[in-house]
Structure formats: C-alpha cells, structure tokens
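A short write-up of the structure that comes next.
The values are calculated or read from the model by the stated rules, or taken from the named source; none is laboratory data. Keep in mind that this is a model prediction, so the values were computed, not measured. Cβ atoms come from the backbone with ideal geometry, glycine included; neighbour counts cover every protein chain shown. Ligands, DNA and RNA are excluded from the accessible area calculation, which covers all protein heavy atoms including side chains. Shrake-Rupley method; radii C 1.70, N 1.55, O 1.52, S 1.80 Å.
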Amino acid sequence: MDYDPKNTTARVREWKYLTGRDFAEMDRANTVAVVSCSPLEVHGPHLPTITDNQEAEGLTLRIMEILCERYAEIQFVHLPPVYVACDVLPHPGSVMFRPSTCRAVVQDMGRSLVRQGFRHIWMGSFHGGPRHFLGMEAAADHVNRKYGGKMVSVFSTMIARLTDGDSDLSDVLCTIEGLDRDALDGDTHGGVVETSLMLYLLGKYVDPGYAELPQMTLGRRLAARGERPLSTSSLKEVFRGFREKLFYYLEDTYSGMPSAASAEIGKDAIDKLATLAADAMGDVWEGKLDPNDCHSPLWSKRWLFTMPALGWAFERAVGYKNPIF
C-alpha cells in the first residue's frame, strides 16, 4: 500500500491541504487531530529510513478507516508526520534528537492544537525506544493537565493492552499465517515484522536483498560467544541486558529474520494491530477510557528513562559515548 496523500474523504481530511475557511467551518468537537511521531532511522541494509514513520502512518490511517466505519459522527484531520525522535540507531542515515527536544516538540504541538479548539489529539508511532514513547506520554500528560486537552499516544495505549509494556509484538502476531515462533525469535528491529510491513506499505523502496539476509539476534550472538542468555532476574541482569543491546546495535542494524517476510504478512499485521488499537481508541472516543489511563506500563518508572542525568550516568557506566551528543 503506497500511501497517496491526496486520497482523502470528507471524514479523513489532510491538514496541509485545508484552507482558513475549512478550519473556520470545522466541527472541532467531533474532530480528532491525528499526527505520527516516529523517526528517520536505519533499519538494516534493506529497509528505507522512513520505516518507523511509514509504519506509524499505515497503522494510524487504518485505525481511522475502522473507526469511521464504527462511528457516524467522528471526523479526522491528519497532520503531516513528524520525524523528531530519540533513541535511534547511531548509524549514518538515522536522525537523532535529544529526549528533551522530542518532548518539547510534542508538548508545543499539543498546546497549539488545543488552543485552536482541537481537544482530541491522537499521536501515532512505531518506535519502541522507551525514552521516545514515554516522552510523548509525558508531553500529552502536560497538555491535558494544563490546557484541558485529550491527547493520547496510540502506541502506548496499544502496548498497554497487548503486552506488558514491551514493544515486542510477537505474541500478538504469531497467529498470522506465514509467521512462526522461529521467525519471530529476537525480532526487534528490521526483521520479519518490519520487513513485511514495509513490503506492504512501501514495497518499491525495500531492497530485494532482504530475501538473502541471515537471521541475526543478540541471543544468537551471546550463544555463539558461549555467554548466558539475557534475563530480568535481577537489577544487575537488567543492566547487563541494556548494555548488550546497546553494543549490539552499534555493530548491526537489524535484529530478526527479514528473509521470512512477505507483503501478505504485512497486510495481515496492519489489519490485526489496527483492529486491536481501534478497539482501545474507540473506548477513548466514547469516554470509557480516560486519557489519564492511556499510559504504557513503564509510565510509573518514567523517571528512570526521562531524567537526563540518569541517561548520562548509564552511558558512562557501560563505556558508551553517544556519537552525536
């Protein structure tokens, strides 16, 4: 599915094409402003850097289609996507921003929209960096408390419903025809899931060499070195896991099995995730789910990820030097 920006309906309208008169006549009480906030980031040697952003757009657009079928009164206005994001792979092609910058951008955007009368604001994303989605949540929380908005991170709401807060969606997607546990093992970045999504959403920009890429994961690398698997049995082990993942992605730009991907898997994955996310966002629209309850399970520990001093201390402790900041 190659997204056509002019393919709009009366109920899903593109912000960038609207005029002052369009906004003056808009029923903002029944309108949801939707924007995707996901990075430009390297995803292996085979996927375009727009991957996370395009996945967020594809998922969000499908959610809007589903909700337009369910609710006769709902309207959407779709803003151009934003690529301000943190915790991206430190390789040429990735565009990195500070967590504080990401939060400030989302917060200012939300404030601007609420001041214009758009209380319902939904942010799409498909980037699993905790400092990224927790920063979005923190910005939304500020906008809601201070300006009376109803700003929600769709990604955070989705992972709260579908996982224990992890961005790993393998348990949700393993029932899709053509996917199995072996292919999903260690699939965290540019593997079978994201390659399938991009074959469906933007296939002409996927390097055909994906079909020849070997399965590569951190678990396999540790096993090859004779080291024990990662675990969360103690704080020391959690710390070790963060360190190992950090240095894995300094060397490699994907994790998973891209060769098992197909456009058919990508379409089914979009449909499944969008349907499940639409259920949650429908509850938000109906008032059954309060925006204050649309946080990821990591929300209670957000200070561990969002305090700049802790991030600096962690990088110093593991011997990592950020190549940008």
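Structure values in brief
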item: Phi-based couplings in Hz for the range 319-324 (Karplus 6.51, -1.76, 1.60; Gly and Pro marked x); result: x, 9, 10, 4, x, 9
item: Net charge, Arg70 excluded, C-beta distance under 14 Å - Lys, Arg +1, Asp, Glu -1; result: -3
item: Residue order for Asp293, Asp87 - accessible surface, 1.4 angstrom probe, largest first; result: Asp293, Asp87
item: Stokes-Einstein diffusion coefficient of the range 87-176, Kirkwood radius over Cα pairs, 25 °C, 0.890 mPa s, in µm²/s; result: 173
item: Nearest-10 value in Å² for the accessible area of His91, using the 1.4 Å probe; result: 40
item: The range 209-282: C-alpha pair distances exceeding 13 Å, %; result: 75
item: Loop sites in the range 1-104: GluC sites (Glu not before Pro), DSSP, at most 15 other Cβ within 10 Å; result: Glu73
item: The chain, accessible area per residue, ligands and nucleic acids excluded (1.4 Å, Å²); result: 47
item: Alpha carbon convex hull of the range 1-123, volume per residue in cubic angstrom; result: 113
item: Taking N as its residue count, the alpha carbon Rg of the chain over 2.2 N^0.38 Å; result: 0.99
item: For Tyr17, solvent-accessible area (1.4 Å; no DNA, RNA or ligand), Å²; result: 110
item: Under 19 Å from Lys288, Cα to Cα: lysines that are on another chain or at least 8 residues apart; result: Lys150
item: Rounded accessible area of Cys174 (nearest 10 Å², 1.4 Å probe); result: 40
item: Contour minus Cα-Cα distance for Lys272 and Ser234 (0.36 nm per residue); result: 10.2 nm
item: Whole-Hz couplings from phi, Karplus 6.51/-1.76/1.60, listed for the range 228-234; x for Gly and Pro; result: 6, x, 6, 8, 10, 6, 8
item: Cα-projected label distance for Ala317 with Phe242, points at 7 Å along beta-carbon direction, nm; result: 0.6
item: Column: log10 I(q)/I(0), Debye, Cα scatterers of the range 168-240, q = 0.13, 0.15 Å⁻¹; result: -0.51, -0.65
item: Exposure rank, largest accessible area first [Ser231, Ser38; 1.4 Å]; result: Ser231, Ser38
item: Cα-Cα separations in the range 172-325 greater than 20 Å, expressed as whole percent; result: 64
item: Contour minus Cα-Cα distance for Arg145 and Arg225 (0.36 nm per residue); result: 23.8 nm
item: In the range 244-295, the trypsin sites (Lys or Arg not before Pro) that fall in loop regions by DSSP, at most 12 other Cβ within 10 Å; result: Lys288
